[in-house]
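Working notes, beginning with the structure itself.
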Amino acid sequence: MPQPYKRSRSLRRVHIRVPGGKTKLHYRKRKPGKAHCSSCGAVLKGVLRERPNKMSSIPKTKKRPERPYAGSLCSKCMRLLIIGKARSL
């Protein structure tokens, strides 16, 4: 029987092959939810879903797209915002 804290469904169960050839059950924390556009609420493409300790070791260019407002706005909303700002000048 697993330890009481491991019985929670908040931990995901991962089958890991150990050096002895057997597969063991390991318990890992789940990934965070997907990032959403702050304007329209669509799921952002190209934005990683990882735990903070893994995100800190990944380079910044791999975490989100290389464009203005990346990581907060989707490409469609970003275009509309930039076009709107250009028209208001």
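Some notes on this structure:
- Given LYS29/LYS54; LYS45/LYS76; LYS63/LYS85; LYS29/LYS63, the pairs whose alpha carbons are separated by over 23 Å: LYS63/LYS85
- Simple label model, 7 Å out from Cα along Cβ direction - MET55 to LEU81, nm: 1.8 nm
- Annotation: amide H of GLY71 has no partner in the under-5 Å range at sequence separation 5 or more or interchain, hydrogens built in the peptide plane.
- Residues SER72, SER38, sorted so that the one with the fewest Cβ neighbours within 10 Å comes first: SER38, SER72
- Helical runs (DSSP H, four residues minimum) scored at -39500 (n - 2.57) apiece and divided by the length of the chain put the mean residue ellipticity at 222 nm at -6500 deg cm²/dmol.
- Amide H contacts of HIS36 (H built 1.01 Å from N, under 5 Å, at least 5 apart or other chain): LEU44
Readers should treat all values here as calculations from the given coordinates under stated rules, not as data from a laboratory. Keep in mind it's a predicted model, so treat the numbers as computed, not measured. Positions of Cβ are generated from backbone atoms using ideal geometry, with glycine treated the same way; all protein chains shown enter the neighbour counts.
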